[in-house]
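One structure is given here, and the rest of the page talks about it.
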Amino acid sequence: MKELEEIRKEIDRVDKNITELFEERMKLVIKVAEYKKENNVPIIDSKREKNVIEKNIKYLKDDRYSEVLEEFYINLMELSKKLEKKQIYSKKNENLSTSIYGLIGGKLGHSYSPYIHKLIMEKVSLNGIYNLFELPEKKVKGALETFKIINCGGLNVTIPYKVDVMKNLNEISDEAKKIGAVNTIKFSQNGMSGFNTDYIGFGKMLKKFKIEIKDKVCVVLGSGGVAKAVVQYLKDNFAGKIYIVSRNVQRASKDYDECIISYQELLKINGDVIVNCTPVGMSPEIDTSPVSKEVVSKFSSALDLIYNPIETLFLKYAKDSGIKAVNGLYMLVSQAVASQEIWNDISISEDIANEIYDKLEGKIKS
């Protein structure tokens, strides 16, 4: 018993030292917050956090504690960010305003974007709200000007305005120019800039699920706006052969340099990756698939950019055929994360994207 008491006394001594060092660290955190407040620097810095964890793990003399130390620093930095946020967004800060973000489109219906962006902003300590703005075509230009006047935090763009909004923008990113479509708008002193985060999200999805496309035969179902982003990513990352399948081959041939084939011609193709960029199979029409099980079985990976339902009939065909099946949920989350990075000039860790993905998957399944 006496030995236990001695050990506890040693723990008390160490705890006292930890508390003193904690207080010293928090004072430094407040100084960092004051600098960020004065210089308009975002609270989150995922790269810095990762470096801090890796650096301090190396200081350990006993590797058995590395996992616990990592968890300790993750929690410590969460507390630090909470204190920074309190310091920056205190009631004394009369200049604090809530940034407005949103999605503009023709018919938005039920969208998970507000839920996703809410989670992102909570994770990276951003003060903002994300709304849906359903607009008729004749009001899009005026709405963009209004968003610019009110200093909007940023906008996402969906069907049918991904192409039309480009004529109202001051700058367009290289990938958006090549794709010929914009789904993200950033507002700044220079005006409005357009980006395509579908391109980024598709790439993140391939990476997460370990789908190789270099030198592979890839088939893209559909020829609309999101298909353009997918095709451009495949081209930029050295896909071997790309086939675009369209119900209107002649019309699609005007938009693409790649090989355009009909759904009948697809029956002759054996490939590696098939990507569904059409809305066929989306809820509530869940008993349909853009292609037959016979077609799907000729590939090694099947990707469906639909995320509701989680498993479309197209993906069920893939699973039944014993091939890799991936839905579009991670792409949805990743393009939203990329949008926030663009709007706020920050870097967001993949851990945050993975956590939001898991939460959203559970929400949709429930």
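Residues in the range 45-80 that are acidic (Asp, Glu) and either in contact with a helix residue (DSSP H, G or I) (Cβ under 6 Å, 6 or more places away or on another chain) or touching a residue at least 60 places away in the same chain (Cβ under 8 Å) (or both): 3 in all.
In the list 222, 191, 201, which residue meets the criterion of being buried (at least 20 other Cβ atoms within 10 Å of the Cβ) and at positive phi? Break it down stepwise before answering.
Values: 191 fails: buried (at least 20 other Cβ atoms within 10 Å of the Cβ); 201 fails: at positive phi.
Of the residues listed, the single one that is buried (at least 20 other Cβ atoms within 10 Å of the Cβ) and at positive phi is 222.
Candidates are the residues of the range 157-168 that are touching a helix residue (DSSP H, G or I) at 6+ places or on another chain (Cβ under 6 Å) and not in a loop (DSSP other than H, G, I, E, B); the one that is nearest to residue 131 (Cα to Cα) is 157.
Summed over the range 109-154, residues that are in contact (Cβ under 8 Å) with a residue 60 or more places away in the chain and β-branched (Val, Ile, Thr) total 3.
Considering 333, 291, the condition of being within 30 Å of residue 188 (Cβ to Cβ) and at pLDDT 95 or above is satisfied by 333 alone.
For the range 168-188, a residue qualifies if it is out of contact with any Phe, Trp or Tyr (no Cβ under 9 Å at 6 or more places or on another chain) and of a type in the set (Phe, Trp, Tyr), but none of them does.
Would you say residue 362 is of a type in the set (Gly, Ala, Ser), assigned to a helix (DSSP H, G or I) and over 22 Å from residue 154 (Cα atoms)? So residue 362 fits the description; yes.
From the list 314, 299, which residue is touching a residue at least 12 places away in the same chain (Cβ under 8 Å) and in a loop (DSSP other than H, G, I, E, B)?
Of the residues listed, the single one that is touching a residue at least 12 places away in the same chain (Cβ under 8 Å) and in a loop (DSSP other than H, G, I, E, B) is 299.
Do we find a residue being farther than 25 Å from residue 187 by Cβ, surrounded by 23 or more Cβ atoms within 10 Å (Cβ to Cβ) and not acidic (Asp, Glu) anywhere in the range 320-327? Checked against the condition, which is being farther than 25 Å from residue 187 by Cβ, surrounded by 23 or more Cβ atoms within 10 Å (Cβ to Cβ) and not acidic (Asp, Glu), the range 320-327 yields at least one hit. Pairs are defined by a Cβ separation below 6 Å, a sequence spacing of at least 6 or placement on different chains, a first member in the range 260-281 that is of a type in the set (A, V, I, L, M), and a second member that is assigned to a loop (DSSP other than H, G, I, E, B) and surrounded by fewer than 19 Cβ atoms within 10 Å (Cβ to Cβ); the pairs so defined are 260/253; 280/288. Among the residues of the range 153-180, those identified as buried (at least 21 other Cβ atoms within 10 Å of the Cβ) and within 17 Å of residue 336 (Cβ to Cβ) are 153, 154, 155, 156, 157, 162, 176.
Considering only the range 143-153, I want to know if a residue exists there that is in the same structural domain as residue 112 (by TED's automatic domain parsing), among the charged types (D, E, K, R) and under 12 Å from residue 104 (Cα atoms). Explain how you work it out, then say what you get.
First, pick out the residues of the range 143-153 that are in the same structural domain as residue 112 (by TED's automatic domain parsing): 143-153.
Then drop every residue that is not among the charged types (D, E, K, R), which leaves 145, 148.
Narrowing further to those that are under 12 Å from residue 104 (Cα atoms): none.
Scanning the range 143-153 turns up no residue that is in the same structural domain as residue 112 (by TED's automatic domain parsing), among the charged types (D, E, K, R) and under 12 Å from residue 104 (Cα atoms).
Mind counting the residues in the range 307-319 that are surrounded by fewer than 24 Cβ atoms within 10 Å (Cβ to Cβ), among the hydrophobic types (A, V, I, L, M, F, W, C) and touching a helix residue (DSSP H, G or I) at 6+ places or on another chain (Cβ under 8 Å)? Residues meeting the conditions: 1. Among the residues of the range 270-299, those that are closer than 27 Å to residue 240 by Cβ and surrounded by fewer than 17 Cβ atoms within 10 Å (Cβ to Cβ) comprise 270, 292, 293, 294, 297.
The values are calculated or read from the model by the stated rules, or taken from the named source; none is laboratory data. It should be emphasised that the depicted structure is a prediction, and the values quoted were computed from it without experimental measurement. Reconstructed Cβ throughout: ideal geometry from the backbone, glycine too, with neighbour counts over all protein chains shown.
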